[in-house]
1. Of all residues in the stretch 5-54 being without any contact (Cβ under 8 Å) to a residue 40 or more places away in the chain and acidic (Asp, Glu), which is nearest to residue 70 (Cα to Cα)?
2. I'd like the full set of residues that are modelled with pLDDT under 90, in contact with a helix residue (DSSP H, G or I) (Cβ under 9 Å, 6 or more places away or on another chain) and exposed (fewer than 12 other Cβ atoms within 10 Å of the Cβ), limited to the stretch 40-80.
3. Of the numbered conditions (1) under 12 Å from residue 75 (Cα atoms); (2) out of contact with any Phe, Trp or Tyr (no Cβ under 6 Å at 6 or more places or on another chain), residue 18 fails exactly one; give the number of that condition.
Amino acid sequence: MTADKPEEAMTFGELLALIGEQQRRLTVLENAFSYLAFCLDDKSNQLLIHSLRLEAQNQNHDEGMQQHFARLAAELEKRHAPVKIQPDTTL
């Protein structure tokens, strides 16, 4: 199916290719968005995580969408956590 001929039916292979492409695009967007934790100050990051957690509890979203909001909040929180470097005691 092409954009200039929407009346043409899409083959199963074309549909699978389209789904695969959309999954790749979403993966890129998810990764880019999750890296925001490194760009935001502490207060902004905490506000973003809090807002995502509220969306995860929003009953206007279906359960799957709520889970995605919760996972994104958890991922941002994990990336925002300060990295603890252990001193090298082998010297």
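The values are calculated or read from the model by the stated rules, or taken from the named source; none is laboratory data. On a predicted model such as this, the values are computed, not experimentally measured, just so you know. With ideal geometry, Cβ positions are generated from the backbone for all residues, glycine too; neighbour counts draw on all protein chains shown.
1. Step by step, filter the stretch 5-54, then rank; the result is 42.
2. The answer is 42, 78.
3. (1)
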